[in-house]
Amino acid sequence: RSFGSRGVALPALLSWVSLSGWYAVLSILGSQAFARLTGLPFVPALLIIAAVQMLLGIYGYNFIHRFEALAAGLLAAVFALITIVGLPQAHLDAASSLPTGTHAGLFVLFATTVASNALGWAPCASDYARYLPAKTSRRAIFGIVLAAFLIGCGWPELIGAAVATIGLDVAPIDLVVQVTGIFATPALLAIILGTLAANALNIYSGALSLLTLGIPMKRWVSVVAVGILGLGLSFYGAQGFTEKFESFLLLLSYWIGPWVAIVIVDFLLRPAPGDTRSAFVPAGIIAFVVGLAAAVPFMNSSLYTGPIATLLNGADIAGIIGVIVGGGLYFLLRRNVTGNEKYM
């Protein structure tokens, strides 16, 4: 409703591309783990992982809910094992050898990457909550989602940061194998299961985003379309994975920031029941485009570095700027001179 029934096409397109990108990022890791576990070459491993993920997306909503519930319990057990094995090896008192001036920029980069990981799931929220009973407590939903993010994102990220202090300059999968030692097999299985669990959401929600564009196709066809795009991106990203992963996360934050801000402001303003929704809502579209444009000078990626990001020693706060400008402008455009709410 923030953009209109037709105006939502731009964020839907970006969501489709973003979710396909996440699908690719995780497929690479899962396929590397599968190849390491089975001895298969990377390409056959990737094709097998992709086929399973497409099947999960095709089976859809109910099956995904059951699969995610099972995967969550198994992954929690394995991550507990990895924590017990890996944390004692970390050098938590290790001091940085980098120049002091770079610390602020690196911290902002870290914060932006973490935020992108969490915010990247925001467009998918309604895909898995639309069948909740109307009387479901909003506070309960908020609390459960917050706890899930703190545990599901915060826990692995903290362990990852701790393990990084061990100082092994190897590929991610090799790092997992070396750190977990005799428990490498369950750790690799956890990576594979985690890939399937996350990409079941990416491919299903990506398919719904594609359908939002109004393209006449069946849902299973849109699932296959996301899978094929993600598969192509996986082949591209397999070489030079770390740099491309970082750039992708930052690019994701650029558009997702103003979109999330606009949706939140729209929710908080709570238009009165009976408001009509037009095909295009200029307030949302204008605020979204301006929010993105305002973020450009603050961007720092392998594709482009803005002048302000250079002045900030590489600190990338484009996502934050997009949130402030996009959300703030949408709020102003949604208000008339008397302070009454309206849609433009």
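The values are calculated or read from the model by the stated rules, or taken from the named source; none is laboratory data. None of the values given here were measured: they were computed from a predicted structure. In this analysis, Cβ positions are derived from the backbone assuming ideal geometry, glycine residues included, and neighbour counts consider all displayed protein chains.
Observations
- Subset tally (residues that are at pLDDT below 85 and either part of a helix (DSSP H, G or I) or more than 22 Å from Cys124 (Cα to Cα) (or both)) for the stretch 258-277: 9
- Residue in the stretch 85-104 that is closer than 27 Å to Pro258 by Cα and of a type outside the set (S, T, N, Q) present: yes
- Selection over the stretch 166-193 of residues that are part of a helix (DSSP H, G or I) and small (Gly, Ala, Ser) gives a count of 4.
- Residue in the stretch 100-110 that is surrounded by the fewest Cβ atoms within 10 Å (Cβ to Cβ), counting only those that are under 23 Å from the mean Cα position of the chain (by Cα) and aliphatic (A, V, I, L, M): Leu106
- Options Leu201, Leu208, Leu146: the member that is buried (at least 20 other Cβ atoms within 10 Å of the Cβ), at pLDDT 80 or above, more than 30 Å from Arg36 (Cα to Cα) and among the aliphatic types (A, V, I, L, M): Leu208
- Only a single criterion out of (1) closer than 27 Å to Ile182 by Cβ; (2) crowded, with 16+ Cβ neighbours inside 10 Å; (3) hydroxyl-bearing (Ser, Thr, Tyr) is not satisfied by Thr38, namely (2).
- Taken together, Gly86, Gly57 contain a single residue that is under 26 Å from Thr180 (Cβ atoms), among the small types (Gly, Ala, Ser) and touching a helix residue (DSSP H, G or I) at 6+ places or on another chain (Cβ under 8 Å), which is Gly86.
- Identity of the residue in the stretch 14-44, closer than 12 Å to Leu231 by Cα and among the small types (Gly, Ala, Ser), that ends up modelled with the lowest pLDDT: Gly21
- When Ser97 is tested against the conditions (1) part of a loop (DSSP other than H, G, I, E, B); (2) surrounded by 13 or more Cβ atoms within 10 Å (Cβ to Cβ); (3) without any contact (Cβ under 8 Å) to a residue 12 or more places away in the chain; (4) not aromatic (Phe, Trp, Tyr), the lone failure is (2).
- Answer residue from the stretch 6-20, given it is assigned to a loop (DSSP other than H, G, I, E, B) and in contact with a Phe, Trp or Tyr (Cβ under 8 Å, 6 or more places away or on another chain) and is surrounded by the fewest Cβ atoms within 10 Å (Cβ to Cβ) among those: Arg6
- Test: residue in the stretch 111-133 that is more than 30 Å from Ser2 (Cα to Cα) and under 23 Å from the mean Cα position of the chain (by Cα): no
Residue-wise test of (1) in contact (Cβ under 8 Å) with a residue 24 or more places away in the chain; (2) within 15 Å of the chain's Cα centre (by Cα); (3) crowded, with 17+ Cβ neighbours inside 10 Å.
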| position | (1), (2), (3) |
| --- | --- |
| Val179 | yes, no, yes |
| Ala184 | no, no, yes |
| Val226 | yes, no, yes |
| Val260 | yes, yes, yes |
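- Qualifying residue in the stretch 67-90 (condition: exposed (fewer than 14 other Cβ atoms within 10 Å of the Cβ), on the phi < 0 side of the Ramachandran plot and either of a type in the set (D, E, K, R) or in a loop (DSSP other than H, G, I, E, B) (or both)): no
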